[in-house]
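Working notes for the structure below.
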Amino acid sequence: MRDYDMVDSSAADLRVGLVGLGSLGVRLGRQFEAVPDAELAAIADVSEANLAEAGGELEVPSSNQYLDYEAMLDEADLDAAAIATPNGLHYDQTVAALERDLHVLCEKPLATNLEDARDLYRRDRENDRVMMLGYQRHLNPAFINARQRWAEGDAEPTFITGEITHDWRSYYENMDDWRMDPELSGGGHLLNVGSHVIDAILWVTGLTPTHVNANVEFHDDEQLFDKQSSITIEFDNGAIANFSDTGIVACTREHIHIWDDDGAVYLEGREWDERTGYTIDAEGTEHDRHLDYHGRETKAEAFTESVLEGTEPPISVRDAFRTLVVTMAAYESGRADERIDLAERYSFVGDGLLD
């Protein structure tokens, strides 16, 4: 069990500085506003308009609004930083916060390349600050129950399927969104959206991936911005996961189906509504679980709790690192049209980082 530095709960609330005020950042800011033991103390964004609008909505005074995130980290009285910027900025901004001894909540992905991700993994292991990522399915009761069955239980997954669809068609047609900027995005639909399902499969099952084989359809000649993919992930226990994602259809749907010898758990979602789940027994009969999906923790609540109590966050750097390894292996497989042996391709796999 890791030892984390705790904020004195008898002192002032956890003071958080938020970097990035797009729609995701503003939603995260609202979450922190609703946490009794947290205070959104400062905000930063490169856009003056975003600062003014978010500052008004989130009731952050102009004196605590910054166009330069490093100035915010240096000048504001903070305990933690929340990062909700484009993918390509996550590494530098997380390092900057950690080097100022701040706890960090960073939206996914961990980084846009494995070298930076490994550095963040090392930093996380060597300091006592909480670092949490934004894969929110770790906070969903249906996914938590599934994890208790496999990663934390005795059942052994045997067959897994997953799918997520999404409408990015205007992005590919116009190429004017930040997600189509190689410096900011680092990849296409798989990295930005599909990795949510890869993360969920790895976290819920607790299995160790060994091989990745992918067919990836790219939009650009440089083979960076993928539109859709079909991926097979092999695990050390012999289980196989078949996962597909696409960004060129009309609506968002999601499913993850995991089978073992006693039946299955089906996890389902429509658009961006809360994901729900049900079980199937060994005879094929469906059983609904009556869970309080609306009473679950938000990312801000879970992060604040981990910091104040000095506990492991529910979405760890290790979780995000494992997800990025499989995701990047899928890109490599798709570009080279070959099955990737993770232990052969990545030397660090031998260190047990994927176990």
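Here are a few things to note about the model shown:
- Residues in the stretch 19-36 carry Karplus couplings, in order, of 10, x, 10, x, 4, 5, x, 5, 4, 5, x, 4, 4, 5, 4, 8, 8, x Hz; the curve used is 6.51 cos²θ - 1.76 cosθ + 1.60 with θ = phi - 60°, and Gly or Pro positions show x.
- Taking the C-alpha atoms only, the angle from helix 48-58 to the longest principal axis of the chain is near 90 degrees.
- Working note: Karplus 6.51/-1.76/1.60 with θ = phi - 60° gives the stretch 115-132 the couplings 5, 5, 5, 5, 5, 5, 4, 4, 4, 4, 6, 9, 10, 9, 8, 6, 10, 10 Hz, where Gly and Pro are set to x.
- Accessible surface comparison of Lys299, Lys227, probe 1.4 Å, protein chains only, largest first: the order is Lys227, Lys299.
- Between Asn113 and Glu274, the simple label model (points 7 Å from Cα in the Cβ direction) yields a spacing of 4.1 nm.
- Dimensions of the stretch 235-290 from C-alpha coordinates, computed as largest minus smallest value along each principal axis and given longest first, are 35, 33, 15 Å.
- Helical mean residue ellipticity (222 nm; -39500 (n - 2.57) per DSSP H run of 4+; nearest 500) of the chain: -9500 deg cm²/dmol
- Amide H contacts of Leu105: Ala81, Ala82, Ile83, Met132, each under 5 Å away and 5 or more positions distant or on a separate chain (H built 1.01 Å from N in the peptide plane; Pro and chain starts excluded).
- Packing order of peptides 332-342, 124-134, highest average first: 124-134, 332-342 (average count of other Cβ atoms within 10 Å over each peptide's residues).
- Quarter of the Cα convex hull surface for the stretch 56-155, i.e. its orientation-mean projected area (nm²): 8.7 nm²
- For His211, distant residues with modelled amide H under 5 Å away: Glu234, Leu342
- Computed on protein heavy atoms with a 1.4 Å probe, the accessible areas place Trp272, Trp203, Trp168 in the order Trp272, Trp203, Trp168, largest first.
- Whole-Hz Karplus values for the stretch 98-107 come out as 5, 5, 9, 6, 9, 6, 9, 10, 10, 5 Hz, taken residue by residue from phi with 6.51 cos²θ - 1.76 cosθ + 1.60 and θ = phi - 60°; glycine and proline positions read x.
- Result for the chain in a Gaussian network model with C-alpha springs under 10 Å: among Gly162, Gly56, Gly194, the largest mean-square fluctuation is at Gly56.
The values are calculated or read from the model by the stated rules, or taken from the named source; none is laboratory data. Please read these numbers as outputs of a predicted model, since none were measured by experiment. Cβ sites come from the backbone with ideal geometry, for glycine too, and all protein chains shown count toward neighbours. Please note that ligands, DNA and RNA were not included when accessible areas were found on the heavy atoms of the full protein model with its side chains. Shrake-Rupley method; radii C 1.70, N 1.55, O 1.52, S 1.80 Å.
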